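*Asks:* This is the structure I want to talk about, given as structure tokens.
The values are calculated or read from the model by the stated rules, or taken from the named source; none is laboratory data. The shown structure was predicted, so the numbers you read here are calculated from the model rather than taken from an experiment. Heads up, the Cβs are rebuilt from the backbone with ideal geometry, glycines too, and the neighbour counts pull from every protein chain shown. Heavy atoms of the whole protein, side chains included, go into the accessibility calculation; ligands, DNA and RNA do not. Shrake-Rupley method; radii C 1.70, N 1.55, O 1.52, S 1.80 Å.
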Amino acid sequence: MDRRAIHSPSAGVLMGRRTLLAGLTGLVAAPAFAAETGQSWLDYEVRLRARLADAGGGRFNAAAERRIVTLTNAARAEQGAPACAWSDELALAARAHAADLAGRAYVEHLSPEGFDPSHRVSILARRLIGSASENIAYRRAAEPATADDLMTIWRKSPPHWTNLLRATHSRFGFGVAVRGERTYAVGLYSRADGELGAPLPFRLGREADLAGAISQASPRVDSFTVSDPVDTKDAANLAADPAPILAPGVYQLRPKRRLEGRRYEVLWGPIFVRI
């Protein structure tokens, strides 16, 4: 997914802002963009947490989720792809979206507010470094869909099946929500880019929590950026400030890892709201 093409979750709010680069020691005191207040993100996080609690008015099918794990790794083995490991954080985001689909009776990757899979993962996965791709399956029948039924839906869809078998994926998580005759399954797949040393608070009250999470990341993070979580196409190199200050607003952590020579890979980290 090209995240530069994401639609704004709050029309007219998350538009045209630039990213802000920072060093591992802290963030610059004068951001290059006016951060959005983050209220729409706070509201959506509350919605996702509520769906984890109430399953969208239905129930979660943990047995089907576990069975999909087995079936997925078996399919990957048939194609010579390595097995994926279970990720609690990806599963959390998958369950939250499956429950939201069940609760509001829709079948889309994009929520009605405009939030996409990468947003959900970056809101709920508080240690994950990396991005994820998403599969959705839906079936309505007198009896709840089985894991085999849901896998068959993905197998019959070349884009979904390709996503499920992608060799670069190394971890996954699944959520299956059942409400009446309707079954919704969400699969999230990611490569292992690393983990922060501690969960980054979604509501960030102190920049020290940001620096602490980064400094203990595994594998090691050489430096980082913070960016607008929607408009991520530009990055301006700015000097690091030993006394980090972030204005209130919504940001996305962008860890940087050194490659060969002077090149860096800029990765995806959690979204947070500086309050």
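*Asks:* In terms of solvent-accessible area of protein heavy atoms at a 1.4 angstrom probe, what is the ranking of His109, His169, highest value first?
*Replies:* Largest accessible area first, the list is His109, His169.
*Asks:* Length gain on complete extension for the stretch Arg140 to Ala74, per 0.36 nm per residue less the alpha carbon to alpha carbon distance?
*Replies:* Separation in residues times 0.36 nm, less the Cα-Cα distance, equals 21.2 nm.
*Asks:* Also: What's the extension gain from Ser215 to Asp88 if we count 0.36 nm per residue and subtract their Cα-Cα distance?
*Replies:* That works out to 43.5 nm of additional length.
*Asks:* If you don't mind, there's one more thing I want to ask. With a 1.4 Å probe and all protein chains in place, put Trp86, Trp161 in order of accessible area, largest first.
*Replies:* The residues order as Trp86, Trp161, largest area first.
*Asks:* Shifting gears a bit: Hey, what does the equivalent ellipsoid look like for region 74-200, semi-axes from the Cα gyration tensor as sqrt of 5 times each eigenvalue, largest first, whole Å?
*Replies:* They are 23, 19, 11 Å, listed from largest to smallest.
*Asks:* Work through the residues other than Ala141 whose Cβ is under 10 Å from its Cβ and net out their charges, Lys, Arg +1 and Asp, Glu -1.
*Replies:* Neighbour charge sum, excluding Ala141 itself: 0.
*Asks:* I'd like the distance between the alpha-carbon centres of region 90-130 and region 155-181, rounded to an integer number of Å.
*Replies:* Using only Cα atoms to place each centre, the spacing works out to 14 Å.
*Asks:* Based on the Kirkwood radius over alpha-carbon pairs, what value in µm²/s does the Stokes-Einstein equation return for the translational diffusion coefficient of region 39-133 at 20 °C and 1.002 mPa s?
*Replies:* In µm²/s, the coefficient is 149.
*Asks:* Let me ask you something else. Would you mind calculating the gained length between Leu42 and Ala62 on full extension (0.36 nm times residue separation, minus the Cα-Cα distance), in nm to one decimal?
*Replies:* Contour length minus Cα-Cα distance gives 4.4 nm.
*Asks:* For Tyr106, Tyr44, Tyr264, write out the residues from largest to smallest accessible area, computed with a 1.4 angstrom probe and no ligands counted.
*Replies:* The ordering from most to least exposed comes out as Tyr264, Tyr106, Tyr44.
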